[in-house]
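Novice: Dumping the structure here so I can ask a few things about it.
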Amino acid sequence: MRFCRALFLAALLTAAPAALVAQPQPSADEFVPMEEAPPEEQIPAINLVAAAYGFVWIVVVGYVWSLGRRLQKAESEIAALEQRRR
Amino acid sequence: MTKLNQIELALAGAMLAVAPWIIDAAPYEATMGLVQKIFYFHMPAAWLFLLAAIIAGTASAMFLFGKKRDMDGWALAAAELAVVFGIITLVTGPLWARKAWGIWWVWDARLTSSLILWMIFVAYLLLRRYGGPGADKLGAGMALFGLANVPFIFVSVNVWRTLHPQTSVVPTLPVQMGGPLWFCITAFFLLFLALLGMRARLERQRVRIEDLYLAEDEA
(Lines give C-alpha, C1' and ligand atoms only; values in the text may rest on other atoms or scores of the structure.)
Protein backbone atom coordinates (compact mmCIF):
# COMPACT_ATOMS: atom_id res chain seq x y z
CA MET A 1 0.00 0.00 0.00
CA ARG A 2 2.81 2.35 0.98
CA PHE A 3 4.60 1.45 -2.24
CA CYS A 4 1.50 2.30 -4.30
CA ARG A 5 1.15 5.65 -2.56
CA ALA A 6 4.81 6.45 -3.24
CA LEU A 7 4.42 5.44 -6.88
CA PHE A 8 1.33 7.65 -7.29
CA LEU A 9 3.14 10.61 -5.68
CA ALA A 10 6.16 10.13 -7.93
CA ALA A 11 3.96 10.01 -11.02
CA LEU A 12 2.13 13.16 -9.94
CA LEU A 13 5.36 15.04 -9.31
CA THR A 14 6.74 14.05 -12.71
CA ALA A 15 3.57 14.73 -14.68
CA ALA A 16 2.66 18.10 -13.15
CA PRO A 17 5.68 20.10 -14.42
CA ALA A 18 5.42 18.35 -17.81
CA ALA A 19 1.79 19.44 -18.10
CA LEU A 20 2.73 23.00 -17.17
CA VAL A 21 5.45 23.35 -19.81
CA ALA A 22 3.49 21.53 -22.54
CA GLN A 23 2.74 23.75 -25.56
CA PRO A 24 -0.95 24.21 -26.42
CA GLN A 25 -1.79 21.82 -29.24
CA PRO A 26 -4.04 22.97 -32.10
CA SER A 27 -7.54 21.62 -31.69
CA ALA A 28 -8.43 18.54 -33.74
CA ASP A 29 -11.03 20.37 -35.81
CA GLU A 30 -8.80 23.34 -36.59
CA PHE A 31 -8.32 23.79 -40.35
CA VAL A 32 -4.80 23.37 -41.68
CA PRO A 33 -4.43 23.86 -45.47
CA MET A 34 -2.78 20.88 -47.15
CA GLU A 35 -0.13 23.16 -48.70
CA GLU A 36 1.08 23.99 -45.16
CA ALA A 37 1.21 20.36 -44.07
CA PRO A 38 4.69 18.80 -43.72
CA PRO A 39 6.00 17.15 -46.93
CA GLU A 40 5.63 13.61 -45.53
CA GLU A 41 1.89 14.34 -45.07
CA GLN A 42 1.42 15.35 -48.71
CA ILE A 43 0.70 12.72 -51.37
CA PRO A 44 0.92 13.73 -55.05
CA ALA A 45 -2.56 13.89 -56.61
CA ILE A 46 -1.45 11.74 -59.56
CA ASN A 47 -0.71 8.82 -57.20
CA LEU A 48 -4.20 9.02 -55.71
CA VAL A 49 -5.90 9.33 -59.12
CA ALA A 50 -3.86 6.40 -60.50
CA ALA A 51 -4.65 4.29 -57.42
CA ALA A 52 -8.38 5.06 -57.74
CA TYR A 53 -8.58 4.22 -61.47
CA GLY A 54 -6.34 1.17 -61.04
CA PHE A 55 -8.54 -0.13 -58.24
CA VAL A 56 -11.73 0.34 -60.30
CA TRP A 57 -10.21 -1.57 -63.23
CA ILE A 58 -8.94 -4.42 -61.03
CA VAL A 59 -12.34 -4.84 -59.32
CA VAL A 60 -14.34 -4.68 -62.57
CA VAL A 61 -12.06 -7.02 -64.55
CA GLY A 62 -11.79 -9.41 -61.58
CA TYR A 63 -15.56 -9.54 -61.10
CA VAL A 64 -16.32 -10.04 -64.81
CA TRP A 65 -13.72 -12.83 -64.93
CA SER A 66 -15.13 -14.52 -61.80
CA LEU A 67 -18.71 -14.24 -63.08
CA GLY A 68 -17.74 -15.64 -66.49
CA ARG A 69 -15.97 -18.60 -64.84
CA ARG A 70 -18.94 -19.36 -62.56
CA LEU A 71 -21.34 -19.19 -65.53
CA GLN A 72 -19.15 -21.51 -67.57
CA LYS A 73 -18.91 -23.99 -64.68
CA ALA A 74 -22.69 -23.99 -64.18
CA GLU A 75 -23.32 -24.46 -67.91
CA SER A 76 -20.96 -27.43 -68.13
CA GLU A 77 -22.58 -28.96 -65.00
CA ILE A 78 -26.05 -28.60 -66.57
CA ALA A 79 -24.79 -30.18 -69.82
CA ALA A 80 -23.26 -33.11 -67.91
CA LEU A 81 -26.43 -33.66 -65.84
CA GLU A 82 -28.67 -33.54 -68.91
CA GLN A 83 -26.45 -35.98 -70.74
CA ARG A 84 -26.61 -38.36 -67.74
CA ARG A 85 -30.40 -38.16 -67.75
CA ARG A 86 -30.67 -39.27 -71.39
CA MET B 1 -24.25 -14.98 -71.48
CA THR B 2 -27.08 -13.62 -73.67
CA LYS B 3 -26.45 -11.61 -76.86
CA LEU B 4 -27.76 -8.46 -75.15
CA ASN B 5 -25.38 -8.89 -72.18
CA GLN B 6 -22.48 -9.36 -74.62
CA ILE B 7 -23.35 -6.12 -76.45
CA GLU B 8 -23.74 -4.21 -73.15
CA LEU B 9 -20.45 -5.55 -71.84
CA ALA B 10 -18.57 -4.77 -75.07
CA LEU B 11 -20.01 -1.23 -75.19
CA ALA B 12 -19.21 -0.60 -71.53
CA GLY B 13 -15.69 -1.96 -71.96
CA ALA B 14 -15.05 0.25 -75.01
CA MET B 15 -16.44 3.33 -73.25
CA LEU B 16 -14.41 2.69 -70.08
CA ALA B 17 -11.30 2.19 -72.20
CA VAL B 18 -11.61 5.66 -73.78
CA ALA B 19 -12.89 7.29 -70.56
CA PRO B 20 -9.39 8.28 -69.27
CA TRP B 21 -8.81 10.43 -72.38
CA ILE B 22 -12.23 12.09 -72.08
CA ILE B 23 -11.67 12.71 -68.36
CA ASP B 24 -8.20 14.05 -69.06
CA ALA B 25 -9.67 16.59 -71.50
CA ALA B 26 -12.12 17.87 -68.86
CA PRO B 27 -11.05 21.09 -67.09
CA TYR B 28 -9.48 21.05 -63.63
CA GLU B 29 -11.72 21.96 -60.70
CA ALA B 30 -10.49 25.32 -59.29
CA THR B 31 -9.73 24.33 -55.68
CA MET B 32 -9.03 20.59 -55.84
CA GLY B 33 -7.14 20.34 -59.13
CA LEU B 34 -6.19 16.95 -60.54
CA VAL B 35 -7.50 14.80 -57.67
CA GLN B 36 -11.09 15.90 -58.43
CA LYS B 37 -10.94 13.67 -61.54
CA ILE B 38 -11.58 10.66 -59.28
CA PHE B 39 -15.13 12.04 -59.19
CA TYR B 40 -15.83 10.72 -62.74
CA PHE B 41 -15.61 7.11 -61.52
CA HIS B 42 -16.56 7.64 -57.87
CA MET B 43 -19.97 9.19 -58.48
CA PRO B 44 -21.30 6.68 -61.08
CA ALA B 45 -20.15 3.83 -58.81
CA ALA B 46 -21.93 5.45 -55.84
CA TRP B 47 -25.18 5.84 -57.82
CA LEU B 48 -25.05 2.22 -58.94
CA PHE B 49 -24.28 1.13 -55.37
CA LEU B 50 -27.58 2.74 -54.30
CA LEU B 51 -29.43 1.45 -57.40
CA ALA B 52 -28.26 -2.11 -56.66
CA ALA B 53 -29.49 -1.75 -53.06
CA ILE B 54 -32.88 -0.51 -54.33
CA ILE B 55 -33.19 -3.45 -56.76
CA ALA B 56 -32.11 -5.97 -54.08
CA GLY B 57 -34.58 -4.54 -51.56
CA THR B 58 -37.49 -4.33 -54.02
CA ALA B 59 -36.91 -7.84 -55.39
CA SER B 60 -36.66 -9.15 -51.81
CA ALA B 61 -39.97 -7.49 -50.93
CA MET B 62 -41.60 -9.10 -53.97
CA PHE B 63 -40.09 -12.45 -52.95
CA LEU B 64 -41.20 -12.15 -49.31
CA PHE B 65 -44.66 -10.61 -49.70
CA GLY B 66 -45.55 -11.48 -53.32
CA LYS B 67 -44.22 -15.07 -53.07
CA LYS B 68 -42.40 -14.61 -56.39
CA ARG B 69 -39.66 -17.25 -56.25
CA ASP B 70 -37.62 -15.95 -59.22
CA MET B 71 -37.29 -12.53 -57.57
CA ASP B 72 -34.92 -14.07 -55.03
CA GLY B 73 -32.38 -14.65 -57.81
CA TRP B 74 -32.60 -10.99 -58.88
CA ALA B 75 -32.19 -9.89 -55.24
CA LEU B 76 -29.08 -12.01 -54.83
CA ALA B 77 -27.64 -10.72 -58.11
CA ALA B 78 -28.27 -7.09 -57.13
CA ALA B 79 -26.86 -7.64 -53.62
CA GLU B 80 -23.60 -8.92 -55.09
CA LEU B 81 -23.43 -5.85 -57.35
CA ALA B 82 -24.12 -3.61 -54.33
CA VAL B 83 -21.00 -5.08 -52.70
CA VAL B 84 -18.91 -4.64 -55.88
CA PHE B 85 -19.96 -1.03 -56.59
CA GLY B 86 -19.95 -0.29 -52.86
CA ILE B 87 -16.29 -1.24 -52.47
CA ILE B 88 -15.42 0.93 -55.49
CA THR B 89 -17.25 3.86 -53.88
CA LEU B 90 -15.74 3.31 -50.44
CA VAL B 91 -12.18 3.04 -51.76
CA THR B 92 -12.18 5.81 -54.40
CA GLY B 93 -13.91 8.24 -52.00
CA PRO B 94 -11.14 8.21 -49.36
CA LEU B 95 -8.45 8.43 -52.08
CA TRP B 96 -10.11 11.65 -53.24
CA ALA B 97 -10.75 12.87 -49.67
CA ARG B 98 -7.11 12.45 -48.65
CA LYS B 99 -6.10 15.26 -50.99
CA ALA B 100 -9.29 17.34 -50.92
CA TRP B 101 -10.00 17.22 -47.17
CA GLY B 102 -6.58 16.21 -45.81
CA ILE B 103 -7.98 13.04 -44.22
CA TRP B 104 -8.85 9.57 -45.49
CA TRP B 105 -12.12 9.19 -43.62
CA VAL B 106 -14.56 11.15 -41.48
CA TRP B 107 -17.38 9.58 -39.47
CA ASP B 108 -20.11 11.84 -40.85
CA ALA B 109 -23.64 10.80 -41.81
CA ARG B 110 -22.93 10.16 -45.53
CA LEU B 111 -19.78 8.10 -45.17
CA THR B 112 -20.93 6.15 -42.12
CA SER B 113 -24.34 5.26 -43.57
CA SER B 114 -22.70 4.22 -46.87
CA LEU B 115 -20.34 1.92 -44.96
CA ILE B 116 -23.31 0.47 -43.04
CA LEU B 117 -25.17 -0.18 -46.32
CA TRP B 118 -22.14 -1.97 -47.73
CA MET B 119 -21.79 -4.05 -44.57
CA ILE B 120 -25.50 -4.99 -44.72
CA PHE B 121 -24.98 -6.46 -48.19
CA VAL B 122 -21.73 -8.19 -47.24
CA ALA B 123 -23.66 -9.77 -44.34
CA TYR B 124 -26.46 -10.66 -46.78
CA LEU B 125 -24.03 -12.52 -49.07
CA LEU B 126 -22.41 -14.33 -46.12
CA LEU B 127 -25.85 -15.33 -44.90
CA ARG B 128 -26.83 -16.64 -48.32
CA ARG B 129 -23.56 -18.55 -48.62
CA TYR B 130 -23.43 -20.14 -45.16
CA GLY B 131 -26.91 -19.63 -43.69
CA GLY B 132 -28.37 -22.99 -44.71
CA PRO B 133 -32.13 -23.57 -45.11
CA GLY B 134 -34.25 -20.45 -44.59
CA ALA B 135 -31.36 -18.11 -45.43
CA ASP B 136 -33.27 -16.80 -48.47
CA LYS B 137 -36.11 -15.36 -46.33
CA LEU B 138 -33.78 -14.08 -43.63
CA GLY B 139 -31.62 -12.49 -46.32
CA ALA B 140 -34.67 -10.87 -47.93
CA GLY B 141 -35.49 -9.22 -44.60
CA MET B 142 -31.92 -7.96 -44.38
CA ALA B 143 -32.10 -6.51 -47.91
CA LEU B 144 -35.19 -4.55 -46.82
CA PHE B 145 -33.06 -2.87 -44.15
CA GLY B 146 -30.58 -2.03 -46.89
CA LEU B 147 -33.36 -0.50 -48.99
CA ALA B 148 -34.54 1.60 -46.02
CA ASN B 149 -31.02 2.98 -45.68
CA VAL B 150 -30.88 4.33 -49.27
CA PRO B 151 -33.02 7.52 -48.89
CA PHE B 152 -31.15 8.29 -45.66
CA ILE B 153 -27.80 8.13 -47.52
CA PHE B 154 -29.11 10.28 -50.38
CA VAL B 155 -30.43 13.15 -48.24
CA SER B 156 -27.72 12.93 -45.53
CA VAL B 157 -25.46 15.50 -47.23
CA ASN B 158 -28.29 18.05 -47.44
CA VAL B 159 -29.59 17.55 -43.89
CA TRP B 160 -26.44 17.19 -41.77
CA ARG B 161 -23.23 19.20 -41.78
CA THR B 162 -20.59 17.25 -43.64
CA LEU B 163 -17.42 17.69 -45.66
CA HIS B 164 -19.01 15.70 -48.51
CA PRO B 165 -20.40 17.77 -51.43
CA GLN B 166 -24.19 18.16 -51.55
CA THR B 167 -26.52 16.56 -54.13
CA SER B 168 -26.94 19.95 -55.83
CA VAL B 169 -23.39 19.77 -57.26
CA VAL B 170 -24.17 17.55 -60.28
CA PRO B 171 -26.93 19.68 -61.89
CA THR B 172 -24.77 22.80 -61.60
CA LEU B 173 -21.67 21.35 -63.30
CA PRO B 174 -20.43 23.18 -66.41
CA VAL B 175 -20.85 21.32 -69.72
CA GLN B 176 -17.10 20.58 -69.97
CA MET B 177 -17.33 18.60 -66.73
CA GLY B 178 -20.92 17.36 -67.09
CA GLY B 179 -20.19 15.76 -70.50
CA PRO B 180 -17.42 13.41 -69.25
CA LEU B 181 -19.47 12.67 -66.13
CA TRP B 182 -22.54 11.56 -68.11
CA PHE B 183 -20.27 9.58 -70.44
CA CYS B 184 -18.89 7.66 -67.42
CA ILE B 185 -22.39 7.26 -65.93
CA THR B 186 -23.58 5.69 -69.23
CA ALA B 187 -20.55 3.35 -69.35
CA PHE B 188 -21.03 2.27 -65.73
CA PHE B 189 -24.78 1.81 -66.24
CA LEU B 190 -24.23 -0.44 -69.27
CA LEU B 191 -21.70 -2.43 -67.26
CA PHE B 192 -24.20 -2.69 -64.40
CA LEU B 193 -26.96 -3.96 -66.73
CA ALA B 194 -24.66 -6.59 -68.25
CA LEU B 195 -23.41 -7.79 -64.86
CA LEU B 196 -26.91 -7.87 -63.36
CA GLY B 197 -28.20 -9.92 -66.31
CA MET B 198 -25.24 -12.33 -66.11
CA ARG B 199 -25.48 -12.76 -62.34
CA ALA B 200 -29.25 -13.34 -62.44
CA ARG B 201 -28.70 -15.92 -65.21
CA LEU B 202 -26.19 -17.71 -62.96
CA GLU B 203 -28.86 -17.95 -60.24
CA ARG B 204 -31.37 -19.41 -62.71
CA GLN B 205 -28.75 -21.97 -63.74
CA ARG B 206 -28.17 -22.91 -60.09
CA VAL B 207 -31.91 -23.51 -59.66
CA ARG B 208 -31.85 -25.65 -62.83
CA ILE B 209 -28.89 -27.68 -61.47
CA GLU B 210 -30.76 -28.30 -58.19
CA ASP B 211 -33.85 -29.40 -60.15
CA LEU B 212 -31.76 -31.78 -62.25
CA TYR B 213 -30.16 -33.33 -59.15
CA LEU B 214 -33.60 -33.72 -57.55
CA ALA B 215 -34.96 -35.37 -60.70
CA GLU B 216 -31.94 -37.70 -60.70
CA ASP B 217 -32.56 -38.67 -57.04
CA GLU B 218 -36.23 -39.37 -57.73
CA ALA B 219 -35.47 -41.52 -60.78
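The values are calculated or read from the model by the stated rules, or taken from the named source; none is laboratory data. From a predicted model like this one, the values you see are computed outputs, not experimental measurements. Every residue, glycine among them, receives a Cβ derived from its backbone with ideal geometry; neighbour counts consider all protein chains shown. Accessible surface areas use protein heavy atoms only, side chains included; no ligands, DNA or RNA. Shrake-Rupley method; radii C 1.70, N 1.55, O 1.52, S 1.80 Å.
Novice: Please compute the average number of Cβ atoms from other chains found within 10 Å of each residue's Cβ in peptide B:146-158.
Specialist: So the per-residue partner count for this stretch is 0.
Novice: Got a number for carbon plus sulfur as a percent of chain B's accessible area, 1.4 Å probe?
Specialist: The value for chain B is 69 percent carbon and sulfur by accessible area.
Novice: For chain B, take the longest principal axis of its alpha carbons; what is the angle in degrees between that and the long axis of helix B:135-159, to the nearest 10 within 0 to 90?
Specialist: It works out to around 20 degrees.
Novice: Chains A and B: what accessible area do they bury, summed, in square angstrom to the nearest 100, with a 1.4 Å probe?
Specialist: Chain pair A/B: roughly 3300 Å² of buried accessible area.
Novice: What net charge is computed for the residues neighbouring B:Leu64, neighbours being all others with C-beta under 10 Å from the C-beta of B:Leu64, Lys and Arg scored +1, Asp and Glu -1?
Specialist: With Lys, Arg at +1 and Asp, Glu at -1, the net is +1.
Novice: Rounded to whole Å, give me the distance from the Cα center of region B:152-209 to that of region B:1-38.
Specialist: 13
Novice: Okay, moving on. Take peptides B:88-98, B:162-172 and line them up by average Cβ neighbours within 10 Å, highest first, as a rough protection proxy.
Specialist: Per-residue Cβ counts within 10 Å, averaged per peptide and sorted highest first, yield B:88-98, B:162-172.
Novice: May I ask for the percentage of alpha-carbon pairs in the protein assembly as shown that lie more than 32 Å from each other?
Specialist: 41
Novice: Show that you can apply the helix-only estimate: for the protein assembly as shown, add -39,500 (n - 2.57) for every DSSP H stretch of four or more residues, divide by all residues, and state [θ] at 222 nm to the nearest 500.
Specialist: Using -39500 (n - 2.57) per qualifying helix, the result is -27500 deg cm²/dmol.
Novice: I would also like to ask the following. Report, to the nearest 10°, how far helix B:39-65 tilts away from the longest principal axis of the Cα atoms in chain B, using its own Cα long axis and a range of 0 to 90°.
Specialist: 30
Novice: Going Cα to Cα from B:Lys99, which lysines come in below 26 Å? Please leave out same-chain ones fewer than 8 positions away.
Specialist: B:Lys37
Novice: Now for a separate question. Solvent-accessible area per residue for region B:3-218 at a 1.4 Å probe radius, Å²?
Specialist: In whole numbers, region B:3-218 has 48 Å² accessible per residue.
Novice: Starting from the Cα of B:Trp104, step 7 Å along the direction of its Cβ; do the same at A:Arg86; then give the gap between the two resulting points in nm.
Specialist: In this crude label model, B:Trp104 to A:Arg86 measures out at 5.6 nm.
Novice: Could you give the alpha-carbon Rg of region B:3-218 over 2.2 N^0.38 Å, rounded to two decimals?
Specialist: Relative to the rule-of-thumb radius for its length, region B:3-218 sits at 1.13.
Novice: On average, how many beta carbons from a partner chain sit within 10 Å of the beta carbon of a residue in B:91-98?
Specialist: 5
Novice: Roughly how compact is region B:1-126, stated as its Cα Rg over 2.2 N^0.38 Å to two decimals?
Specialist: It is 1.25.
Novice: Something else about it: Would you please state which residues of region A:63-77 a label at B:Leu125 would reach in this model, taking the label point 7 Å out along Cα→Cβ and a backbone N cut-off of under 18 Å?
Specialist: A:63-72
Novice: Using 1/(1 + (r/R0)^6) with R0 = 51 angstrom and r between the beta carbons of A:Asn47 and B:Arg206, what's the FRET efficiency to the nearest 0.05?
Specialist: The value I calculate is 0.75.
Novice: Could I ask something else about it? Among B:Leu202, B:Tyr40, B:Phe85, whose Cα sits farthest toward the positive end of the charge dipole of chain B (+1 at Cβ of Lys/Arg, -1 at Cβ of Asp/Glu, about the Cα centre)?
Specialist: Going by the Cα projections, it comes out as B:Tyr40.
Novice: Net charge near B:Lys37: determine it from the other residues with C-beta under 12 Å of the C-beta of B:Lys37, scoring Lys and Arg +1 and Asp and Glu -1.
Specialist: -1
Novice: In peptide B:5-17, how many Cβ atoms from other protein chains are near each Cβ within 10 Å, on average?
Specialist: 1
Novice: How far, in degrees from 0 to 90, does helix B:3-25 lean away from the longest principal axis of the Cα atoms of chain B, to the nearest 10?
Specialist: Around 20 degrees separate the two axes.
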